[in-house]
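The values are calculated or read from the model by the stated rules, or taken from the named source; none is laboratory data. Remember, it's a predicted structure, so these values are computed and weren't measured experimentally. Here Cβ is always computed from backbone atoms with ideal geometry, including for glycine, and neighbour counts include all displayed protein chains.
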Amino acid sequence: MENVSSQLNEKMDVIYSISEQSSSVAEEVSASSQDQLEGISQVNEAAVQLSDIAGELQSQVGQYRFEDSY
């Protein structure tokens with residue numbers, strides 16, 4: 001009976017250890033996901049700014065007439 005109890009305790013210790021590792025990995029994945037989300041948000045913001053600048057440039061270039069010199 002003691003042997004069964006000892007084995008059970010060992011198995012519970014292994015399960016606990018695996019749970020701790022899983023929790024740690026889950027926290028790392030969550031932090032990584034948060035970092036990626038922040039990076040995507042920054043890229044999106046830069047794209048919006050670039051689009052605004054392109055629109056302004058298009059508007060200013062549109063003020064001029066270019067003639068073909070062929």
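Computed values, structure above
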item: Out of Glu38, Glu10, Glu45, sole residue that is assigned to a helix (DSSP H, G or I), of a type in the set (Asp, Glu) and within 12 Å of the chain's Cα centre (by Cα); result: Glu38
item: Count - residues of region 1-13 that are aliphatic (A, V, I, L, M) and loosely packed, with under 10 Cβ neighbours inside 10 Å; result: 2
item: Tally of residues being in a helix (DSSP H, G or I) and loosely packed, with under 10 Cβ neighbours inside 10 Å across region 57-70; result: 4
item: Qualifying residue in region 19-34 (condition: small (Gly, Ala, Ser), assigned to a helix (DSSP H, G or I) and over 27 Å from the mean Cα position of the chain (by Cα)); result: no
item: Contacts under 8 angstrom Cβ, first residue in region 25-53 being at pLDDT below 95 and among the charged types (D, E, K, R), partner in a helix (DSSP H, G or I) and loosely packed, with under 10 Cβ neighbours inside 10 Å, 6 or more apart; result: none
